[in-house]
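So the structure is just underneath, and the comments pick up after that.
Any read-out appearing in this document is the output of simple, stated calculations on the displayed coordinates, not a laboratory observation. These figures come from a predicted structure and were not determined experimentally. Here the Cβ is made from the backbone with ideal geometry for all residues, glycine too, and neighbour counts use every protein chain on show.
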């Protein structure tokens, strides 16, 4: 039952084949038995069961709120949840209990979804591994899959299983792992430079980054306000469309959401791609791209060709500047957004109280990890009066160029872009941590970052297993607010590749 | 010491030769709290003197994940003010973040308009008396550089005895209009007159109540001095000025201080100084942070503010969603300058009089109410209003609203005078009685004190005769004096003591 899709289990609830309470209890139990994955920071058992009970009452009356009623979901711990601790995996917010729900959380709740808990992430969503939070790293469920175990050859006797587990990618690793390990049917992540699509690719799940301005950011603790979007993680494309339908639309509390009324849609059951033009951006054959993934990408292009679609090579010439550009803009916004964490109104406050300033300094040193502090320092540097023109303004101009690359390509008849999502499959944790956060982010964000620069919708679709038995995904990038077309293509592709279900074995240490 | 404020006069230097004259330069940064129900970017209420931290929304407290939503009324207030000050209204303006750490700034930054403010390039005309007698008024103009929308900060109270700071965020996020006046003024008096006029305009528009005592209008002065023909001198910023009177004092003191400092071979530091109203001088402020770099950055959560006029207004648009500059312009009330001109035209009073009328809260209304109830000509009534009523009010620190003499009572009194039932001097006595506020009408007082003018010849003769009879000695004095006889001093003394 837990392996079913969201739509399937929703139908089962409606038909009474399972009750919301049963479903909730099973998920909670699975969360317990997969605790080693460290996907959840907070498990809201009591409230979840209460919500399940309420849902059950509605089903008995024959009045469910909708397709999401009674569906267990998880939410990344950088979304505010009223009455439930929200930490951003940081000491700064340990023990912080928000008094309000993020709009997306409220919307899910209003539809009757059951909130199982808050998922793990890199501290304040800064990272591409979900390894740099104060609650420890998240383990990719595929580390405990038969597919991975069969393929992994122990290099030496001393190499214990413990050291072979692989990362989820990040920063929404907890959410991706939660969906991948069947503990929930959908999860919310966030995506600023690829933080939903990257872990989706590594964990073999669907990861959707919607168009900027489509879904409200009110209540999402920001990383980069001008690039952040709430992300959706599910086990299939149809499920993503369902969740999207319940979340999208103007929010008066978020002035960056568009005013247009959103029309929820259902995807065609037999999508047709023959009339489409698929673009293959050559710059996405980036340095470091594994030959494996290159091959998967190429095969995918052939699939479209054979289905009658037009497949052409295109160029997004400014792609290679996007990482540097992102670095400047991201750190500048981080420096600004983190200024509110001073220990006065909420969150951690240091005991040092010689003066207000010394209290601020100590609070921020104690509350933030190195990654966050590093970005604040960089960002403040770029925002200094003497540097502003050369860095911030320049980066904004480069951002415009990157966005224009896409405008040109989409304006020339291309409907959808097809690219890899990651450079290679998930690396073992021990290898990942050999490089620092910034180096890793620089490497890992290259294929996903530009879509955030341009505000475009993008989706990771699990495609195949690597030689090591780990998931490899491909990314589709669409036109602004054309999620329907994007998801239609993604659904077609998903049907073609028939990505295998994870054969999850017992999640335990050596 | 010889030199008065704003005086271009030099004085003799040590060698006896004249020192070059000084030109003082004064600019102003004025923060006016917008009169609105809720704050600039959040729905919490705006209210003076509420219990601490009772008007704080999640956004005001900077809770993570909260976002600003622009208050339409605040935008309208800024547009009104811009139009009244002859500014160009920018159809597209932007919001920025200005960063610094302080206990009363929860987010660690203020949302303001640094790059492109809502209004620019305006002007304000104000009038001054040449001398102190209100007999000659001269009109001056100060350029308005810009008006920008920004957030107010909270309040922090330092409790040094307990080594703690108490923070009240009620004011955090209230909408402000910052009005920047170019350094076109030269002394405290000019600055005070300009600020007073701005205050009247804001109050007339209703965009701000502009009460300085309640912190709704805060003025910082930028002061420097230089010799004519030379570049502007280093300027200081003077803060902590709580009234218009202190504004003039503070500026004049600072000008003096700078001149003395420079003439003694010193230099002026580009610093912030606070006005100490008790000592009547400016003192350097606690050096808070040294030279600040505010690291301005565009506010990413607020799209550019787009305003329309009738021409550019898109069709089929929700009237509630847009601000139309022309619509606001059409509905602007009469500004003080227009009110004054009307008063002069309608009633034939002097321009100086109209200034005083408009300047004093409620006085115009009082004046007009009296006019409605009396035959006396406005030119005569105005004298009573400005000389008698106003001076009593000032003496007793009363506002017009608190006046014990109502317009009805004054009108009654003036009618008696007009009908020649009492003399002018009698009327003054009656007015003094009325001021006591004992509830008597002018007629009652006149009867009580027997102040009626008598026209009956016989009656008058009787009275005169009675006086003469009672004052024989004085009569003799008068008769002798008028006949030119010089009295001996003894007779003089005798007559005087009688």
Review point. Just how far, in whole angstrom, is the range A:17-90 from the range A:375-433 if you go by their alpha carbon centroids?
Key: 35 Å
Exercise for review: With a ≥ b ≥ c taken as the square roots of the eigenvalues of the C-alpha gyration tensor of the range A:55-164, please select rounded if a/c is under 1.5 and otherwise prolate if a/b is larger than b/c or oblate if it is not?
Suggested key: oblate
Study note, to complete from the structure: Between the alpha carbon centres of the range B:254-281 and the range B:351-417 the gap in Å comes to 42 Å
Point to revise | Peptide B:62-75 - average C-beta neighbours from other chains (10 Å radius) | key: 6
Exercise for review: Return the tail of the calculated pair distribution for chain A, meaning the percent of Cα-Cα pairs more than 46 Å apart.
Suggested key: 7 percent
Check your understanding: From the Cα gyration tensor of the protein assembly as shown, with a ≥ b ≥ c the square roots of its eigenvalues, which class applies: rounded if a/c is under 1.5, or else prolate if a/b is larger than b/c, or else oblate?
Key -> prolate
Check your understanding: Extent of the range A:428-467 along each principal axis, from alpha carbon coordinates, in Å, largest to smallest?
Key -> 34, 27, 10
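What full-extension length gain, to one decimal in nm, is calculated for residue A:431 and residue A:381 as 0.36 nm per residue of separation minus the Cα-Cα distance? Could the numbers behind the result be given before it?
Numbers: separation 50, 0.36 × 50 = 18.00 nm, distance 3.14 nm.
Going from the current span to full extension adds 14.9 nm.
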Study note, to complete from the structure: Log entry: pair-distance distribution for the range B:75-137, C-alpha pairs binned every 10 Å from zero, whole % per bin is 19, 28, 23, 18, 11, 1
Point to revise | Using alpha-carbon coordinates, inclination of helix B:424-435 to the longest axis of chain B, degrees | key: 50 degrees
Check your understanding: Shape call for the range B:35-78 from the C-alpha gyration tensor, a ≥ b ≥ c root eigenvalues: rounded (a/c under 1.5), prolate (a/b greater than b/c) or oblate?
Key -> oblate
Exercise for review: Indicate, rounded to the nearest 5 percent, the antiparallel portion of the DSSP beta bridges found entirely in chain A.
Suggested key: 70 percent
Check your understanding: How are the C-alpha pair distances of chain B spread across 10 Å bins, as whole percents from the shortest bin up?
Key -> 3, 14, 20, 20, 17, 11, 7, 4, 3, 1, 0
Check your understanding: Of all DSSP beta bridges located in the protein assembly as shown, what percent are antiparallel, nearest 5?
Key -> 85 percent
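Given the DSSP H assignment, sum -39500 (n - 2.57) over each helix run of at least 4 residues in the protein assembly as shown and divide by its residue total; what's the result at 222 nm in deg cm²/dmol, nearest 500? Please report the intermediate quantities before stating the final value.
Values: 33 runs with 359 residues, N = 1008.
After summing the helix terms and dividing by residue count, I get -10500 deg cm²/dmol.
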Revision key, fill the gap. Across A:229-237, the residue-averaged tally of Cβ atoms belonging to other chains within 10 Å stands at 0
Point to revise | For residues of A:325-334, the mean tally of beta carbons on other chains within 10 Å | key: 1
**Study point:** Between helix B:244-263 and chain B: long-axis angle, C-alpha atoms, 0 to 90°, nearest 10
**Key:** 70 degrees
Exercise for review: Ratio to report: Rg/Rh of the range B:146-303, with Cα atoms as the point set and Rh obtained by the Kirkwood method; give two decimals.
Suggested key: 0.99
Review point. If you line up the long axis of helix B:407-418 against the longest principal axis of chain B, both from Cα atoms, how many degrees apart are they, to the nearest 10?
Key: 30 degrees
Exercise for review: Sort out for me the Cα centre separation of the range A:466-510 from the range A:260-280, rounded to whole Å.
Suggested key: 17 Å
